[in-house]
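The values are calculated or read from the model by the stated rules, or taken from the named source; none is laboratory data. Computed from a prediction, not measured in an experiment: that's the story for all the values here. FYI the Cβ positions are ideal-geometry reconstructions off the backbone, even for glycines, and counts take in every protein chain you see. These accessible areas exclude ligands, DNA and RNA; they are computed on the full protein's heavy atoms, side chains included. Shrake-Rupley method; radii C 1.70, N 1.55, O 1.52, S 1.80 Å.
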Amino acid sequence: MTCNASLDNQKVKRVFGRKSGRPLNKSRAEVIDSLLPRLCVDEGLLREDGSLSPSSLFDVPYKEFWFEIGFGAGEHLSALMRRHPENAYLGAEPFINGMAAFLKDIKDEPHERIRVHMDDAMMLARSLPDACLDGMYVLNPDPWHKKRHHKRRIISRDNLDVFARILKPGAPLIMTSDVPDLADWMVTEASLHPAFAWRAQCADDWRVPPEDWITTAYEVKGAKGAKIMTYLFFDRV
Ligand SMILES: C[S@@+](CC[C@H](N)C(=O)[O-])C[C@H]1O[C@@H](n2cnc3c(N)ncnc32)[C@H](O)[C@@H]1O
């Protein structure tokens with residue numbers, strides 16, 4: 001299996017901004033060297049032509065396939081894996097420090113149900129076939145505040161077209177943000193998209209997380225003080 005996994009090759013192909021931050025400590029470097037090559041999606045399979053069936057990435061069948069984009073340090077993804085051992089997961093995170101934190105977290109647990117991609121999530125998304133995913137998470141995506149950078153936002157009409165294609169009918173697209181402008185943008189983009197329907201009926205539906213919500217470290221940090229979290233649940237119609 002080949003992927004952009006080794007420490008000798010920290011460059012990633014097409015990331016918007018950050019690639020690596022602080023040097024990795026020994027234990028994080030170890031999981032990048034040992035676990036990432038086993039769990040990353042082979043770059044040769046990322047043809048961005050809808051030909052990569054998620055089930056082909058795993059040795060045994062799974063009930064559902066879920067994809068988390070920009071998982072950061074992966075607290076949400078690892079909690080999901082623990083909560084639903086019957087499902088398989090795809091995760092994309094270009095930041096090597098985040099990837100290392102996630103891999104370190106899951107290394108001593110069963111982790112055959114996860115495949116990761118350490119680069120732009122859209123490379124993996126575009127490689128997946130129609131209606132193959134049971135749900136997607138995009139939690140606290142980078143806001144790209146400047147207007148001229150808005151086209152880099154992961155929630156965009158073009159990317160929503162891809163998400164609409166790869167999600168099964170009725171499958172949820174779950175998004176959050178603690179940046180009010182970005183939350184407005186995400187609601188507008190997804191609501192205007194004909195393939196997505198917003199579940200919200202009243203303000204609490206976007207202000208209050210569901211009871212079983214898994215809180216990320218970023219969310220706790222970001223939601224402190226005056227900041228407001230927005231929880232957006234859309235369904236592929
Ligand atoms: C603000 S952080 C949020 C992390 C995590 N989702 C959370 O809520 O704790 C945004 C994350 O998205 C990642 N990211 C940015 N662009 C991405 C892309 N094109 N594909 C995948 N991940 C991306 C960043 O590296 C970063 O870790």
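Here K146 is the anchor, and the aspartates and glutamates within straight C-alpha reach of less than 14 Å, apart from those fewer than 8 places off in the same chain, are D181.
The slack between R38 and L192, meaning 0.36 nm per residue of separation minus the straight C-alpha distance, is 51.5 nm. Highest mean packing first, where packing is the average number of other Cβ atoms within 10 Å per residue, the peptides 48-60, 67-79 line up as 67-79, 48-60. Mean-square fluctuations from a GNM of the chain, with a 10 angstrom spring cutoff on Cα atoms, peak among R148, R113, R165 at R148. Average accessible surface for the chain: 48 Å² per residue, computed with a 1.4 Å probe over protein heavy atoms with every protein chain in place.
Positive end of the dipole of the chain (Cβ unit charges, origin at the Cα centre): among C132, S191, F234, the Cα lying farthest that way belongs to S191.
About the centre of its Cα atoms, segment 25-142 shows a dipole size close to 280 debye [charges on the beta carbon of Lys, Arg (+1) and Asp, Glu (-1) only; nearest 20 debye].
Magnitude of the charge dipole for the chain, about its Cα centre and with charges confined to Cβ atoms of Lys, Arg (+1) and Asp, Glu (-1), is about 880 debye. Using a 1.4 Å probe on the protein heavy atoms, what percent of the accessible area of the chain belongs to carbon and sulfur? Looking at the chain in its full context, I get 53 percent from C and S. For the cross-link pairs K63/K107; K147/K227; K104/K227; K107/K151, the ones whose C-alpha atoms lie over 26 Å apart are K104/K227; K107/K151. Listed by chain and number, the aspartates and glutamates whose alpha-carbon sits under 14 Å from that of K168, ignoring those within fewer than 8 places in the same chain, are E64, D130, D134, D235. Along the axis of the charge dipole computed for the chain (Cβ charges of +1 for Lys and Arg, -1 for Asp and Glu, origin at the Cα centre), the listed residues V116, P23, S78 are led at the positive end by P23.
Among 199-205, 116-122, what's the highest-first ranking by average C-beta atoms within 10 angstrom per residue?
Working: 199-205: 10.4, 116-122: 23.4.
Packing order, densest peptide first, comes out as 116-122, 199-205.
Would you work out the charge dipole size for segment 70-200 about its Cα centre, treating the Cβ of every Lys and Arg as +1 and the Cβ of every Asp and Glu as -1, and quote it to the nearest 20 debye?
Numbers: 17 positive and 18 negative charges, 68 e Å.
So the magnitude is around 320 debye.
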